[in-house]
1. Using modelled amide H (1.01 Å from N, peptide plane; none on Pro or chain starts), what sits under 5 Å from the amide H of residue 19, excluding residues fewer than 5 places away?
2. If Lys and Arg each add +1 and Asp and Glu each add -1, what is the summed charge of the other residues whose beta carbon sits under 13 Å from the beta carbon of residue 19?
3. Peptides 31-39, 126-134: what's the order by average Cβ count within 10 Å, highest mean first?
4. Highest mean first, how do 45-56, 71-82 rank when packing is the count of other Cβ atoms within 10 Å averaged over residues?
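Rule-based calculations on the coordinates, nothing more; no lab input. This structure is a prediction, so every number in the text was calculated from the model and none was measured. Every residue, glycine as well, gets a Cβ built from its backbone with ideal geometry; the counts of neighbours run over all protein chains shown.
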Amino acid sequence: MLGHIQLGDLGGLEIVQGIHFKGKPVPDEASKVCVLFDPTNGRVVHVHGVTVLEGGRSVSEAEIEKRALEHAATAGHSASALKPLHVSVAAIRQGGILKVNREDSSLTSTKLEDAAQMSDLVRERVAKARTRANHD
């Protein structure tokens, strides 16, 4: 069985909780994540993840990357300008605003100070995504 981690397109603002299947936690190793980032500034533009549940078909990094690029293009991003980075699900679980360090290709997170700041940022990103969708 194959499950997708629903991360969406909040421009690098990601919060991922633990995944459960049949009432039991799914180990992080069952999930693969590909972030797409702008190489000019390191900003994470799109995150795509796949969780393979017990007995499911394995998914290659190349397949996840292809899906990530397709989803990013569907969301209105110029996918050809983005670079992929494969990370663990734990790396994106840290929350905050995700960014790729251009010097060592590591994923970093800028923590938001409070819930109000996060709420404002989410509203802003969702409004931008809707505006892009309305122009298509």
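1. Here the answer is 26, since their amide H atoms fall under 5 Å of that of residue 19.
2. +1
3. Result, highest mean Cβ count within 10 Å first: 31-39, 126-134.
4. The densest-packed peptide leads the list: 45-56, 71-82.
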